[in-house]
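Peer 1: The structure that follows is given in the form of structure tokens.
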Amino acid sequence: MKRTFTYMERDLRRWIRGRINVITSLVMPAAWLIFVGLALPIRFTDNYLDFITPGILVLTMLGASLQGGALLMFDKILGFLQKFLAMPAPRETILFGKILFITCRGLIQTTIILVIALILGAHLLNPVFLLQTYLILFIFGVLLSSIMTTVALSLEDHDSYAAFNSMIAMPLFFTSSALMPYDQMPGWLEVLARLNPVSYAIDAIRSMQEGIFPATTIVGLLIGAVVVLSACIITFRRATV
Amino acid sequence: MITNMAIIETSGLTKKFNDLVAVDEMTLSIDREIFGLLGPNGSGKTTTVKMLTTLLTPTSGEATVCGHSVTAQPSKVRDRISYVPQDMAVDMKLTGRENVIFFANLYGIPRPRETADEALTQMDLASRADDMVKTYSGGMRRRLELAQALVHDPEVLFLDEPTIGLDVAGRRKIWEHIISLKNGGMTVFVTTHYMDEADHACGRVGIIDKGKIVALDTPAALKSLHCHEIIAIRGEGEYKGTVVPDVTFIGKTGDELRFQAISGEDSGIPLLRALNESGMKIHSFVIRQPTLDDVFLSLIEEQEETMAFDHHRFRTMLRRRA
């Protein structure tokens, strides 16, 4: 476990020192929050900002995970992975460190977005709600960063990964329940949105906004995260032996 | 653990990638020395190192490092070794000290900061320890990699092309450090393209071609065994296989023909005469003692001139090795 944190700390230091990356990754979700959350003339809710904020928080985590999947690939391309694999620390700690970093980086980014949402007037200050939101975002982050790391390990080069990334990023967001409730969607979109794992995380946060603890959704996300993480471990072992 | 075992032992070590035999029945015994594995590109050097460092599983045969099998006890092997691959992989956005402390923490060293400082001092990097690595020269980055590798006091150090891409001063400094590590009792397994460096620093060298060890001895013994005096001739015209007694043609590089002879002085003039008679126009003629380059070129089958670069095969190998 200690080694996992050591690997995570390394990535965290590198990320914080690349100041441009810290800021650029926040521009997109902040823009959504400001330009869509405040400007869109919506009739189905009194406070669209409160409605869209869970979607933007999950979008931030989605972006962090999609961006983070390539990290292990870069460690492999640049020769770091070979060094790490020749060390006595359990090899899986390399993978766990990476997934933990991607998820924690996502949580830091969502915190900044949350603060912006609060400044803009969102009503999300209940501490129990915030704690549960972080729990959901953490599980969702593990799920998605495991998926993306598995994809990166399975693809041969960064170009293929970037192509895959741009192929799924926007469709995943737009076919989720981020921007509108299910009863406002066309039928075909509702089917897609109900299948989309991004919606599960958003719906879970919205349920908590209404004071309902979404136990089933959280368990579902948790099972999904464990299954995908297991697949990721198997792919990692295959890729490194 | 068997005590009379050499630090590194391989027996019939083989690695196949489908029908490509990258390492073929390699048997070696290496003990507290600087051992150089020399060979042309794609000859199996890196594949050998990767098997010994537990990064690749051998297809057949066995290898032990510090008495532990690389296949049955890989984690015990990894406890005792350090591996510095060919790619220079250090974190540019971290300081030198942070890079080494990171490794010390991964190795679980009790006093990471102090141990890292000792390793940095040993590699003459103490004065730059707090600078970002992006400001380091190539030689300093390689020394930083050595500091990372030394932080857990390994018994065996594997270095894959440690001086590639460095300037002469940087190369010399790296070798000084490697030699002092060996003098401290460490076994160093190194692959290199630079014959002069291997000649100067390695206790023994193995020359590998197409996965097979074709020569294995001290540089001095290899030079005396495989080459006599070298007659190097530059000239115009095609070499038609002319031979004179006691002279053997050993290779051609550019417009230079190289022959070996028991006595260059005795055989030089008859050789020149024979080449002239065969239609060649000779520009220069040198008799010299053999170098490891000559041994290497006499043992390795000429590749670049006769074989086109097989890009598909190269990519396949890289992909499988990575």
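All of the numbers you see were taken from the coordinates with simple rules; none came from a lab. Bear in mind the structure is a predicted one, so any value in this text is a computation, not a measurement. Cβ sites come from the backbone with ideal geometry, for glycine too, and all protein chains shown count toward neighbours.
Peer 1: Can you bin region A:2-240 into rounded, prolate or oblate? Criterion: square roots of the alpha carbon gyration tensor eigenvalues sorted a ≥ b ≥ c, rounded for a/c under 1.5, prolate for a/b above b/c, oblate for the rest.
Peer 2: prolate
Peer 1: Here is a follow-up. Among residues other than residue B:185 whose Cβ falls under 14 Å from its Cβ, what is the net charge (Lys/Arg +1, Asp/Glu -1)?
Peer 2: -1
Peer 1: If you build a Gaussian network model of chain A, linking Cα atoms that sit under 10 Å apart, which residue out of A:68, A:224, A:187 swings the most?
Peer 2: A:187
Peer 1: So if I take the centroid of the Cα atoms in region B:72-106 and the same for region A:45-122, what is the distance between those two points in Å?
Peer 2: 25 Å
Peer 1: Right, here's the next one. Calculate the mean, over all residues of peptide B:46-55, of how many other protein chain Cβ atoms lie within 10 angstrom of the residue's Cβ. Each step should come with its number before you reach the end.
Peer 2: Details: counts 1, 0, 0, 2, 3, 0, 1, 5, 3, 7.
Partner-chain Cβ atoms within 10 Å, mean over residues of B:46-55: 2.
Peer 1: To the nearest 0.05, what FRET efficiency results for residue B:262 and residue A:74 with a Förster distance of 51 Å applied to their C-beta separation?
Peer 2: On the way: r = 56 Å, r/R0 = 1.11.
Efficiency, from the Cβ-Cβ distance: 0.35.
Peer 1: Looking only at other chains, what is the average number of their beta-carbon atoms within 10 angstrom of each beta-carbon in A:86-94? Intermediate results must be reported in sequence, preceding the final value.
Peer 2: Details: counts 16, 13, 12, 6, 1, 3, 0, 1, 1.
Mean inter-chain Cβ contacts per residue within 10 Å come to 6.
Peer 1: In addition: Can you tell me which of A:160-169, A:102-111 comes out highest on packing, and rank the rest after it, using the mean Cβ neighbours within 10 Å?
Peer 2: Taking the mean over residues of other Cβ atoms within 10 Å, the ranking is A:102-111, A:160-169.
Peer 1: For residue A:233 and residue B:168, FRET efficiency with R0 = 45 Å and r from the beta-carbon atoms, rounded to 0.05? Before the final figure, lay out each step's value.
Peer 2: Working: r = 46 Å, r/R0 = 1.03.
FRET efficiency, residue B:168 to residue A:233: 0.45.
Peer 1: Now a separate question. Which value, in debye to the nearest 20, describes the size of the charge dipole of region B:8-221 about its Cα centre when Lys and Arg Cβ atoms bear +1, Asp and Glu Cβ atoms bear -1, and nothing else is charged?
Peer 2: Details: 24 positive and 29 negative charges, 66 e Å.
So the magnitude is around 320 debye.
Peer 1: Tell me the angle of helix B:264-277 to the major Cα principal axis of chain B, expressed in degrees between 0 and 90 and rounded to the nearest ten.
Peer 2: With rounding to tens, the tilt is 60 degrees.
Peer 1: Next up: Which is the longest run of chain A containing none of the GluC sites (Glu not before Pro) found in DSSP loop states (not H, G, I, E, B) with at most 13 other C-beta atoms within 10 Å?
Peer 2: Working: sites that count: A:156, A:210.
Result for the longest clean stretch: A:1-155.
Peer 1: Okay, moving on. Based on DSSP H runs of at least 4 residues, each adding -39500 (n - 2.57), what is the mean residue ellipticity at 222 nm of the protein assembly as shown after dividing by all its residues, to the nearest 500 deg cm²/dmol? Can you show the working numbers first?
Peer 2: Details: 22 runs with 300 residues, N = 563.
Taking each H run of at least 4 residues, the total per residue is -17000 deg cm²/dmol.
Peer 1: Right, next: Separation between the residue B:249 and residue A:191 pseudo-spin-labels, each 7 Å from Cα along Cα→Cβ, expressed in nm?
Peer 2: That separation, rounded to one decimal, is 7.6 nm.
Peer 1: Along the charge dipole of region B:104-176, which of B:138, B:152, B:174 sits closest to the positive end, that is, farthest toward it, with unit charges on the beta carbon of Lys, Arg, Asp and Glu (+1, +1, -1, -1)?
Peer 2: The residue sitting farthest along the positive end of the dipole is B:138.
Peer 1: How do A:232-239, B:38-45 rank on mean C-beta neighbours within 10 Å, highest first? Numbers along the way, then the final one.
Peer 2: Working: A:232-239: 16.4, B:38-45: 22.0.
Going from most to least packed, we get B:38-45, A:232-239.
Peer 1: Mind sorting B:90, A:128, B:214 by how few other Cβ atoms lie within 10 Å of their own Cβ, fewest first?
Peer 2: Details: B:90 23, A:128 10, B:214 16.
Exposure proxy ranking, most exposed first: A:128, B:214, B:90.
Peer 1: Right, something else. Quote to one decimal, in nm, the extra length available between residue B:29 and residue B:59 on full extension: 0.36 nm per residue of separation minus the C-alpha distance between them.
Peer 2: Working: separation 30, 0.36 × 30 = 10.80 nm, distance 1.94 nm.
In short, 8.9 nm is gained.
Peer 1: Could I ask something else about it? Evaluate the distance, in nm, between pseudo-label points positioned 7 Å from the Cα of residue B:137 and of residue B:113 along their respective Cα→Cβ axes.
Peer 2: For residue B:137 paired with residue B:113, the spin-label model returns 3.0 nm.
Peer 1: What FRET efficiency, computed as 1/(1 + (r/R0)^6) with R0 = 22 Å and r the Cβ-Cβ distance, is obtained for residue A:40 and residue A:212, rounded to the nearest 0.05? If you can, show how the numbers build up before the last one.
Peer 2: Values: r = 26 Å, r/R0 = 1.17.
Computed FRET efficiency for residue A:40 and residue A:212 comes out at 0.30.
Peer 1: For peptide A:72-84, what's the mean number of Cβ atoms from other chains within 10 Å of each residue's Cβ? Could the numbers behind the result be given before it?
Peer 2: Values: counts 0, 0, 0, 1, 1, 3, 5, 10, 5, 4, 14, 14, 3.
Mean shielding by partner chains, rounded to a whole number: 5.
Peer 1: Hey, another quick one. In degrees, nearest 10, range 0 to 90: what is the angle between the Cα axis of helix A:19-31 and the longest Cα principal axis of chain A?
Peer 2: Approximately 30 degrees, to the nearest ten.
Peer 1: Something else about it: Using alpha carbons only, how many degrees (0 to 90, rounded to 10) separate the axis of helix B:138-150 from the longest principal axis of chain B?
Peer 2: 60 degrees
Peer 1: Please report the orientation-averaged projected area of the protein assembly as shown, defined via the convex hull of its C-alpha atoms, in nm².
Peer 2: On the way: hull surface 130.6 nm².
For the protein assembly as shown, averaging the hull's shadow over all directions gives 32.6 nm².
Peer 1: What is the pair-distance distribution P(r) of region B:8-221, computed from all Cα-Cα distances in 10 Å bins starting at 0, with each bin given as a whole percent?
Peer 2: 9, 34, 36, 18, 3, 0
Peer 1: Separate question: For a protection proxy built on the mean count of beta-carbon atoms within 10 angstrom, sort A:130-137, A:142-149 highest first, please. Let's see the in-between values first.
Peer 2: Details: A:130-137: 18.4, A:142-149: 27.0.
Going from most to least packed, we get A:142-149, A:130-137.
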